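Only one structure is covered here, and it is reproduced in the block below.
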Amino acid sequence: MKTFVPKKDDIEKKWWVVNAEGKILGRLATEVAVLLRGKNKPQFAPFLDTGDFVIVINAEKIAVTGRKMAKKEYYNHSQYPGGLKTTILEDMMAKKPEEAIKRAVWGMIPKGPLGRAVYKKLKVYRGPEHPHEAQNPQEYKF
């Protein structure tokens, strides 16, 4: 038997729209990461970008369990001494709700050149509108 390796022409990339309204943040991020990587396709290869484009809408309406809204912290560092900045999820949801979903998905895809290429196919929007109607995206149900 020979190992099947998909060619660039064999990989068909679709556009999916995921509605985040009422979805749990981590569970949404895992489904989006699977679509981005292409792990749901039979021609998946771990060293190739076989995934689809994903548009996440209604990012401001995601849900979290427990007391994560007040307790979950995100860190940024300026690379200067004492430059650590901490943001809680509640503040992030008020200012940039798209960032919470992007960070959750980034943690679930591989780091390196392949992961950066996969991550560029993620589009997250605060409300129900998005500018990708020309790509004819299909709604993804899970």
Inset, instruction - Inspect the stretch 34-41 for any residue being under 20 Å from GLY112 (Cβ atoms) and either exposed (fewer than 12 other Cβ atoms within 10 Å of the Cβ) or more than 12 Å from the chain's Cα centre (by Cα) (or both) and give the result as yes or no. - result: yes
Inset, instruction - Say whether the condition of being among the acidic types (Asp, Glu) and without any contact (Cβ under 8 Å) to a residue 12 or more places away in the chain is met by at least one residue in the stretch 31-50. - result: no
Legend entry - Residues of the stretch 127-142 that turn out to be in contact (Cβ under 8 Å) with a residue 24 or more places away in the chain and either more than 18 Å from GLU60 (Cα to Cα) or surrounded by 15 or more Cβ atoms within 10 Å (Cβ to Cβ) (or both), as a count: 9
Legend entry - Lone qualifier among LYS85, LYS123 - being assigned to a strand (DSSP E or B), at pLDDT 95 or above, buried (at least 17 other Cβ atoms within 10 Å of the Cβ) and not hydrophobic (A, V, I, L, M, F, W, C): LYS123
Inset, instruction - Can you run down the residue pairs with Cβ atoms below 7 Å, 6 or more apart or on separate chains, where the first is in the stretch 88-102 and over 16 Å from ALA29 (Cα atoms) and the partner is not in a helix (DSSP H, G or I)? - result: ILE88/LYS72; ILE88/GLU73; MET92/TYR74
Inset, instruction - Could you grab me the full set of residues in the stretch 13-47 that are among the acidic types (Asp, Glu) and assigned to a helix (DSSP H, G or I)? - result: GLU31
Legend entry - Answer residue from the stretch 48-75, given it is outside any loop (DSSP other than H, G, I, E, B) and hydroxyl-bearing (Ser, Thr, Tyr) and is surrounded by the most Cβ atoms within 10 Å (Cβ to Cβ) among those: TYR74
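The values are calculated or read from the model by the stated rules, or taken from the named source; none is laboratory data. A quick note: this is a predicted structure, and the numbers were derived from the prediction, not measured. Don't worry about glycine lacking a Cβ; one is built from the backbone with ideal geometry, like all the others, and counts go over all protein chains shown.
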